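Peer 1: Next up is a structure, given as structure tokens.
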Amino acid sequence: MSTSQPSPFINIAQAPPDPILGLTEAFIADTNPKKVNLGVGVYQDSNGKVPLLKVVREAETRWLAKEDTKSYLPIDGVPAFNKQVQVLLLGENSPVNAEGRAVTVEALGGTGALKIGADFLKRFFPEAAVYISDPSWENHRALFEAAGFKVEVYPYYDAATHGLKFDEMLAGLKTIPAGSIVVLHACCHNPTGVDLSTSQWTQIVDLFQSANLIAFLDFAYQGFGDGVQEDAAAVRAFAAAGIPCLIANSFSKSLSLYRERVGALTLLTSGTEETKRVLSQLKRVIRTNYSSPASHGGQVAATVLNDAELLTQWDEELTEMRERIKRMRGLLVSSLKDYGVSQDFSFIKNQRGMFSYSGLPLEAVRKLRSEYGIYIVDSGRICVAALNEKNIGYVCESIAKVI
Ligand code: LMR
């Protein structure tokens, strides 16, 4: 195309590929017939398929029979969805819900919820720094930096023990300047799979009760640790202690609704008046970003969350996913041994959620990718939820060859 002026975009540099979704792009382009994508956090069934849950199909059928307009949704999304998200997060008989101390807006997945929260916080706490765990989900730093924050880390993972550096974490959190924002993984820590125990959470909650810090709980994997109710323990501990905080949750994984982009941002406040004002500001953030959410995914989730029979069915399907991942953890450990790996990988069985922080060095990760078509995040994070009886032998055999 010929133009009189040079393109204004001519000097724009190539952006690096996304550390997680960029792997999926490379995986799709890979012609190796044995390729396995253990990068992105997506659950696959024993046939390697990302399931369309039966409960979702049923909810879609019911919703489509009922839907009678394509007019805009409210800025903050489907009311019946937002209300049930609060129940899912805080429990059936939560006083916080009963007293109107929670406000929820629908969001475009968990990432969208984090971004609404980040933009909201930037408006009212422009000088605050954001602290994330070391390590954290790759997109946390990028997302909060894109919202204009300086991002720092607090101690978390202990590579030597494959566990948590809890004392250092607690000590580190105590040194964070007042007014800072602290991102915590409410369950199924991404990328390590290493979670806090109940008593450790109690100590964290105690700290937030006296420290002048803003907690932002990332809760993308509810149901993938021990169960929907069990996994909400940390969120409910903050709520029970009356600590105002932000919670980003997602239905991408738990309802296998990834591409529908369904999640929510919930803020716990100190009272109904505050709730009202906070909602008005969250709506401004949404309106100036994308105006209002798309309808389908939220309506499907709302249909499930508002029906006792569908809730039971969801729990069964979620339990099946969770149990399958646990089986794959065990199989990964024993198969590595069977293929002659002498290094002890038994810690993988103690990790929770979709991921295993394998400890594989970068060189091995790169070799697995280029020579064997096995895609793992550079950090060594493996999506255990993408392993199955058919691909695990090849994966373990290949790992044995590169370490
Ligand atoms: C992941 O960590 O792989 C998932 O949360 C998907 C994503 O958006 O990165």
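Peer 1: ³J(HN,Hα) across the stretch 88-100 via Karplus (A = 6.51, B = -1.76, C = 1.60, θ = phi - 60°), whole Hz, x for Gly/Pro?
Peer 2: 4, 6, 9, x, 4, 10, 5, x, 4, 5, 4, 8, x
Peer 1: Let me ask another. For the chain, what does the relative contact order come out to in percent, with C-alpha contacts under 8 Å and a separation of six or more?
Peer 2: On the way: 697 pairs, mean separation 104.7, N = 403.
Relative CO of the chain lands at 26 percent.
Peer 1: Going by a ≥ b ≥ c, the root eigenvalues of the Cα gyration tensor, does the stretch 1-79 fall in the rounded group (a/c under 1.5), the prolate group (a/b larger than b/c) or the oblate group?
Peer 2: Numbers: a/c = 2.96, a/b = 1.28, b/c = 2.32.
Judged from the Cα gyration tensor, the stretch 1-79 comes out oblate (a/c at least 1.5, b/c at or above a/b).
Peer 1: Give the lysines reachable from K165 as a straight Cα distance under 25 Å; neighbours fewer than 8 places away on the same chain don't count.
Peer 2: Qualifying lysines at Cα under 25 Å: K150, K174, K326, K349.
Peer 1: Shifting gears a bit: Which lysines have a Cα lying under 17 Å from the Cα of K283, excluding residues fewer than 8 positions away in the same chain?
Peer 2: Leaving aside lysines fewer than 8 places away in the same chain, those within reach of K283 are K83, K115, K122.
Peer 1: Restricting the count to DSSP beta bridges whose residues both fall in the stretch 209-364, what percent are antiparallel, rounded to a multiple of 5?
Peer 2: On the way: 6 of 11 bridges.
Around 55 percent antiparallel, to the nearest 5.
Peer 1: N289 label point, 7 Å along Cα→Cβ, cut-off 13 Å on backbone N: hits in the stretch 108-144?
Peer 2: Hits in the stretch 108-144 for N289 at 13 Å: 108-123, 143-144.
Peer 1: Apply the Kirkwood formula to the chain: the hydrodynamic radius equals the inverse of the mean of 1/r over all pairs of different alpha-carbon atoms; give it in Å with one decimal.
Peer 2: Working: mean 1/r = 0.0450 Å⁻¹.
About 22.2 Å, per the Kirkwood formula over Cα pairs.
Peer 1: Could you tell me how many degrees, from 0 to 90 and to the nearest 10, lie between the Cα long axis of helix 392-402 and the main elongation axis, the longest principal axis, of the Cα atoms of the chain?
Peer 2: 70 degrees
Peer 1: Now for a different question. Kindly identify the stretch 130-268 as rounded, prolate or oblate by the Cα gyration tensor criterion: order the square roots of the eigenvalues as a ≥ b ≥ c, call it rounded if a/c is under 1.5, otherwise compare a/b with b/c, prolate if a/b is larger, else oblate.
Peer 2: Working: a/c = 1.28, a/b = 1.23, b/c = 1.04.
Here the stretch 130-268 falls in the rounded category.
Peer 1: Could you give the angle, 0 to 90 degrees to the nearest 10, between helix 54-66's Cα long axis and the longest principal axis of the Cα atoms of the chain?
Peer 2: Orientation of helix 54-66: about 40 degrees from the principal axis.
Peer 1: Now a separate question. Loop-only GluC sites (Glu not before Pro) in the stretch 21-92, please: DSSP not H, G, I, E or B, and at most 14 other Cβ atoms within 10 Å.
Peer 2: On the way: sites: E25, E58, E60, E67, E92; in loops: E67, E92.
Passing both the DSSP loop test and the Cβ count: E67, E92.
Peer 1: List the aspartates and glutamates whose Cα sits under 15 Å from the Cα of K253, skipping any in the same chain fewer than 8 residues away.
Peer 2: D45, D218, D226, D231, D315, E316, E317, E320, E323
Peer 1: Considering only DSSP beta bridges with both partners in the chain, what is the antiparallel share in %, to the nearest 5?
Peer 2: Numbers: 17 of 37 bridges.
So the antiparallel bridges amount to about 45 percent of the total.
Peer 1: Ranked from highest to lowest mean number of other Cβ atoms within 10 Å per residue, what is the order of the peptides 200-209, 327-336, 103-112?
Peer 2: Per-residue mean Cβ counts within 10 Å order the peptides as 103-112, 327-336, 200-209.
Peer 1: Separate question: Quick check: the angle from helix 198-210's long axis to the longest principal axis of the chain, C-alpha only, nearest 10 degrees?
Peer 2: Tilt relative to the chain: about 40 degrees.
Peer 1: Also, I was wondering about something else. So for the stretch 217-302: antiparallel DSSP bridges make up what percent, rounded to the nearest 5? It would help to have the intermediate numbers written out before the result.
Peer 2: Working: 6 of 9 bridges.
Here the antiparallel bridges make up roughly 65 percent for the stretch 217-302.
Peer 1: I'd like to know which of T266, A146, V183 lies farthest towards the positive end of the charge dipole of the chain, counting +1 on Cβ of Lys and Arg and -1 on Cβ of Asp and Glu.
Peer 2: Of the options given, the answer is A146.
Peer 1: Now a separate question. Name the residues whose placed amide hydrogens come within less than 5 Å of the amide hydrogen of Y157, ignoring near sequence neighbours (fewer than 5 apart) on the same chain.
Peer 2: D134, K165
Any read-out appearing in this document is the output of simple, stated calculations on the displayed coordinates, not a laboratory observation. All of these numbers come straight from a predicted model, not from anything done at the bench. In this analysis, Cβ positions are derived from the backbone assuming ideal geometry, glycine residues included, and neighbour counts consider all displayed protein chains.
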